[in-house]
Amino acid sequence: MNADLSALAATGSAVLTTLLGVFAGSYVSGRTQRVQRSWDRQTDACAQVLRESAAILVSLARVARQTASAPDPAPGVDWRLWNDALAMVGLVADHDVAEAAFVIDERIWRAHLALTRGMTTPDQWFALRDEVEDRRRRFAEIARRRLDVPGPVPRRLHGRPDTHDPVWERPEPPSTVA
């Protein structure tokens, strides 16, 4: 009888230990998956902010060229994807990351208003663009830190020569046709 109780206790203990292991593993696995999904969503939102802010800068460059040649009427910019990116980062990202995205938005607003209201000359566009680019770089810096991306933060987010690079002052290349 003692042997039966001892076997029953050992079996019950093994079953209980197994069940506790299953529940603990399930909890840890579920938590890990939630953290990974959250990281994935934040990464996607940050990438979307950088992608769409670059697209807005391209549109604003077009606005700067068009308003320089024909100031009236001001050309339009499609804001939908940029606003979607801001909404997403505001929804899923950490406070500092979202705030850095909103600072980019503020600079974009200022640049757009200056261009469309005629408060700037075409050559001042570069200073406006550089302010937005600086905020984009700061955003990337904050996002990389929060997302724990290894390695140094890139010094810039594009390969375009600096605004003050002499390449911008050179005349058009000579024609190859003699």
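Quick one: which of 144-154, 3-13 comes out on top by average Cβ neighbours within 10 Å, and what's the full order, highest first? Show your work: numbers first, answer last.
Values: 144-154: 11.2, 3-13: 9.5.
Output ranking for 144-154, 3-13: 144-154, 3-13.
What size of dipole, in debye to the nearest 20, comes out for the stretch 41-160 about its Cα centre when the only charges are +1 on Lys and Arg C-beta atoms and -1 on Asp and Glu C-beta atoms?
Working: 19 positive and 17 negative charges, 67 e Å.
Dipole of the stretch 41-160, to the nearest 20 debye: 320 debye.
Express the Stokes-Einstein translational diffusion coefficient of the stretch 41-160 in µm² s⁻¹, to the nearest whole number, given a Kirkwood radius over alpha-carbon pairs, 20 °C and a viscosity of 1.002 mPa s.
Values: Rh = 14.8 Å.
In µm²/s, the coefficient is 145.
Got a sec to turn the phi values of the stretch 89-94 into Karplus ³J(HN,Hα) couplings, 6.51 cos²θ - 1.76 cosθ + 1.60 with θ = phi - 60°, whole Hz, x for Gly and Pro?
Once θ is set to phi - 60°, the couplings for the stretch 89-94 become 5, x, 7, 10, 9, 4 Hz.
Since every read-out is calculated from the coordinates, none of them should be taken as a lab result. Computed from a predicted model, the values in this text were never measured in an experiment. Here Cβ is always computed from backbone atoms with ideal geometry, including for glycine, and neighbour counts include all displayed protein chains.
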